[in-house]
Amino acid sequence: MAEPLLDIRGLKTWFKTDDGMVRAVDGVDLHIDRGETLGVVGESGCGKTVTARSVLKLIDMPPGRFEEGKILWQGRDLIPLEQDEMNKIRAREIAIIFQEPMTSLNPVYTVGDQIAEVIELHQKLSRKQAMAGAAEMLRLVNIPNPQRRVNDYPHQFSGGMRQRVMIAMALSCQPKLLIADEPTTALDVTIQAQILELMQEMKERFGMAIMLITHAMGVVAETCQRVTVMYAGKVVEEAPVEALFGNPRHPYTQGLIRSIPRVDRAAEKKQRLEAIAGTVPSLLDPPPGCRFASRCKFAMDVCTQAMPPLKEVGPGHYVRCVL
Amino acid sequence: MSEPLLSVKDLRKHFAVRGGILSRVVDKVHAVDGVSFDIAAGETLGLVGESGCGKSTTGRCILRLIEPSSGEVYFQGADVTKMNHGALQALRRDMQIIFQDPYASLNPRLTVGAIIGEALTIHNLAASRQALEDRVVQLLETVGLQPDHMRRFPHEFSGGQRQRIGIARALAVEPKLLICDEPVSALDVSIQAQVINLLEDLQEQFGLTYLFIAHDLSVVEHISTRIAVMYLGRVVEIAPARDLYDTPLHPYSEALLSAVPIPDPTVKRKRIMLEGDVPNPIRPPSGCHFHTRCPIAKPDCSQRAPVLEEKRPGHWAACHYRG
């Protein structure tokens, strides 16, 4: 098998706080192949965003620190790299878009300036060429009147349009990997559909891979080829999308899928939602054993004693559960 | 049909937009632009729409947390909009609200016991200190919390637990109608299901009537008896939940439903992609507000505003060309 584009091995990103060490990412393994879309799902605090930011080393250190592990980008470990080396990889090879486009754009510069800055910096073009490139990118992401809109400021765009601007900026250097951190969470559902379609279009056009971080199982089902499910800093299941939804093996994944009401099943008999009891455990000095054990209806003694390993249960389907 | 518990007739709320150095009123936002609906005792009416459609403002106008500009709101036959302060206070025993953000809606300086007990004191519902405490304990247990939680402060609780505290506070005065304004949108999916199940249990136990305001169509479909869809300050469709999902009549409802991602990769549906964004509510489009984005708009849609008509039994839609 070809070498994966991105291969994260045993990554531990911890944060030092007054109360102790928070093990936000605590031994995560995941990989992304060229041109595929990997969904990383989980609830607030599961470590999905910290994992994504670790890849681009966008974690403030201190309080954060890489405790262990490797982040192999086309075979090369990113963790030991210095700032200037990282800057060559950011945007040009790996780009990122965030949940809240307004806070990721600078309000006092025009969007054209901001996109052109990226192009100028990474492609060594003149300002004029870069501005033309910016307008071209806006056209690509379907912003009407791109020639005029390059001179507008972020506040003059709606939420959906701002996310388009972010995508334009992220794709301006044609990265090989786009990390999308909850790109549609702040958007209305009709606008979410537009942005997801745009990402799909751009992926086909540029042949890039996407790491889609989200809590929305519906979005994952519709856009991803493979899925990694995270819980409390650990990967609990990894599978091709059909296998994950068709035959979820980890009790947490099963719970996640069953706890969502389904619009398309309106005609069937109304069922009570299957809620997962309890709340997510604290990541401050977590106890040994499976992190989900306290909420799991199948939990046994062995579950609280040692962390189960990830085992293969089908082609490309891994689960961290003793069952 | 017997008299509805709540009847909203042609409700309007215009917010003034001020500008210039003298802060003159330069414009008006038509947040709620002629909304009418009834809620029967014991049913759940879902109110859905995208950000800025006026659904939350409608909910707040009913309680007069925001003063409506015009229109009538009848609760058990009495017009809420004409009530004086005393009558309104008495009315609020019967109508309560729970809010979206469980972090912002609980006073951080009060203990949970004081937060829940406050309403009991205001309405003189507790004869003694002991009676008050007993009632608070009873309410905490009703919503699935522990009696000793009453001495703690809101920050010690997770989002889901805080939402339970908000529900206990609303239930304290034994209301008939509960306005739920996005009660689960700030919660993780596994916790969302817990709160939805709790709301359903409470409805059965106390015979509550709900106005359930949300943007998440799958949640609304799950919990509602009937659903009203809003777009730019107007109700465009109102129907029993199942009818709306099976045969949406208004093109907006149809597009909205088709945009909801389904958490099942084997389900492939045709998506109706809406062009552009929701127009500015300061200058809503003439005629039918939706005509600028409507896939079936005809020239006269920009001239004549459609009214809600009963196209099928119990199924109302505001469209010249559908139904």
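When the residues of region B:249-295 are filtered to those that are more than 8 Å from chain A (Cβ to nearest Cβ) and among the hydrophobic types (A, V, I, L, M, F, W, C), the one that is surrounded by the fewest Cβ atoms within 10 Å (Cβ to Cβ) is B:Ile282. When region A:59-78 is filtered for residues that are among the β-branched types (Val, Ile, Thr) and closer than 20 Å to A:Ala209 by Cβ, only A:Ile71 remains.
Given the structure, is A:Gln123 of a type in the set (S, T, N, Q) and in contact with a Cys (Cβ under 8 Å, 6 or more places away or on another chain)? Don't jump to the end; show me each part of the working.
Values: of a type in the set (S, T, N, Q): yes; in contact with a Cys (Cβ under 8 Å, 6 or more places away or on another chain): yes.
Taking the combined requirement at face value, the residue satisfies it.
Within region B:43-66, the set of residues being out of contact with any Leu (no Cβ under 7 Å at 6 or more places or on another chain) and under 28 Å from A:Gln192 (Cβ atoms) comprises B:Thr44, B:Gly46, B:Gly49, B:Glu50, B:Ser51, B:Gly52, B:Gly54, B:Ser56, B:Thr57, B:Arg60.
Can you name every one of the strands (runs of 3 or more DSSP E) wholly within region A:1-83 that holds 2 or more residues which are in contact with an Asp or Glu (Cβ under 8 Å, 6 or more places away or on another chain) and of a type in the set (Gly, Ala, Ser)?
Details: elements: A:6-17, A:20-32, A:37-41, A:64-73.
Passing ranges, in order: A:20-32.
Within region A:292-316, being within 14 Å of another protein chain (Cβ to nearest Cβ) and either within 25 Å of A:Thr13 (Cβ to Cβ) or crowded, with 16+ Cβ neighbours inside 10 Å (or both) holds for A:Phe292, A:Ser294, A:Arg295, A:Cys296. Only residues that are at pLDDT 95 or above and more than 14 Å from every other protein chain (Cβ to nearest Cβ) were counted in region B:214-233, giving 1. All but one of (1) charged (D, E, K, R); (2) surrounded by fewer than 23 Cβ atoms within 10 Å (Cβ to Cβ); (3) within 12 Å of chain B (Cβ to nearest Cβ) hold for A:Arg164; which doesn't? Failing condition for A:Arg164: (2).
Scanning region B:204-213 for residues that are on the phi < 0 side of the Ramachandran plot and either away from chain A (no Cβ under 14 Å) or buried (at least 22 other Cβ atoms within 10 Å of the Cβ) (or both) yields B:Gln205, B:Phe206, B:Leu208, B:Thr209, B:Tyr210, B:Leu211, B:Phe212, B:Ile213. Every condition in (1) closer than 20 Å to A:Ala275 by Cβ; (2) touching a residue at least 12 places away in the same chain (Cβ under 8 Å); (3) more than 10 Å from chain A (Cβ to nearest Cβ); (4) in a helix (DSSP H, G or I) is met by B:Gln161 except one, and the failing one is (3).
Per-residue answers, yes or no, for (1) on the phi > 0 side of the Ramachandran plot; (2) touching a residue at least 24 places away in the same chain (Cβ under 8 Å); (3) in contact with a helix residue (DSSP H, G or I) (Cβ under 8 Å, 6 or more places away or on another chain):
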site: A:Gly246; (1), (2), (3): no, no, no
site: A:Ile257; (1), (2), (3): no, yes, yes
site: A:Thr279; (1), (2), (3): no, no, yes
site: A:Pro286; (1), (2), (3): no, yes, no
site: A:Phe292; (1), (2), (3): no, yes, yes
site: A:Met300; (1), (2), (3): no, no, no
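The lone criterion from (1) more than 30 Å from B:Tyr252 (Cα to Cα); (2) touching a strand residue (DSSP E or B) at 6+ places or on another chain (Cβ under 9 Å); (3) among the hydrophobic types (A, V, I, L, M, F, W, C); (4) crowded, with 22+ Cβ neighbours inside 10 Å left unmet by A:Cys173 is number (4).
Among (1) surrounded by fewer than 16 Cβ atoms within 10 Å (Cβ to Cβ); (2) away from chain A (no Cβ under 12 Å); (3) within 20 Å of A:Val189 (Cα to Cα), which single condition is B:Asp246 missing? Of (1) surrounded by fewer than 16 Cβ atoms within 10 Å (Cβ to Cβ); (2) away from chain A (no Cβ under 12 Å); (3) within 20 Å of A:Val189 (Cα to Cα), only one is false for B:Asp246: (2).
Does B:Arg322 count as at pLDDT 90 or above and away from every other protein chain (no Cβ under 14 Å)? Walk me through how you get there before you give the answer.
Details: at pLDDT 90 or above: no; away from every other protein chain (no Cβ under 14 Å): yes.
Answer is no for this residue.
Cβ separations smaller than 6 Å between residues 6+ apart or across chains give the following pairs from region B:292-321 residues that are over 17 Å from B:Ala241 (Cα atoms) to residues that are among the polar types (S, T, N, Q): B:Ser302/B:Ser286.
Scanning region A:84-109 for residues being touching a Lys or Arg at 6+ places or on another chain (Cβ under 9 Å) and farther than 22 Å from A:Lys57 by Cα gives a total of 0. Please work out if B:Gly77 is among the small types (Gly, Ala, Ser), touching a residue at least 40 places away in the same chain (Cβ under 8 Å) and within 16 Å of B:Leu232 (Cβ to Cβ). It is false that B:Gly77 is among the small types (Gly, Ala, Ser), touching a residue at least 40 places away in the same chain (Cβ under 8 Å) and within 16 Å of B:Leu232 (Cβ to Cβ).
It is to be established whether one or more residues within region B:146-167 are over 17 Å from B:Ile191 (Cα atoms) and among the polar types (S, T, N, Q). Taking every residue of region B:146-167 in turn, at least one turns out to be over 17 Å from B:Ile191 (Cα atoms) and among the polar types (S, T, N, Q).
The set of residues from region B:179-203 being within 11 Å of chain A (Cβ to nearest Cβ) and surrounded by fewer than 20 Cβ atoms within 10 Å (Cβ to Cβ) comprises B:Ser185, B:Ala186, B:Asn197, B:Leu198, B:Glu200, B:Asp201.
Within region B:59-87, the set of residues being assigned to a helix (DSSP H, G or I), closer than 27 Å to B:Leu199 by Cβ and in contact with a Gly (Cβ under 9 Å, 6 or more places away or on another chain) comprises B:Cys61 only.
Among residues of region A:89-105 being in contact with a helix residue (DSSP H, G or I) (Cβ under 7 Å, 6 or more places away or on another chain) and modelled with pLDDT under 90, the one that is farthest from A:Met166 (Cα to Cα) is A:Arg92. Considering region A:200-218, the residues that are over 28 Å from A:Gly10 (Cβ atoms) and in a helix (DSSP H, G or I) include one that is nearest to the other protein chains (Cβ to nearest Cβ), namely A:Gly218.
Among the residues of region A:230-285, those that are within 30 Å of A:Gly64 (Cβ to Cβ) and surrounded by fewer than 20 Cβ atoms within 10 Å (Cβ to Cβ) comprise A:Gly278, A:Thr279, A:Pro281, A:Ser282, A:Leu284, A:Asp285.
The values are calculated or read from the model by the stated rules, or taken from the named source; none is laboratory data. Please read these numbers as outputs of a predicted model, since none were measured by experiment. All Cβ positions, even for glycine, are placed from backbone atoms using ideal geometry, and neighbour counts span all protein chains on display.
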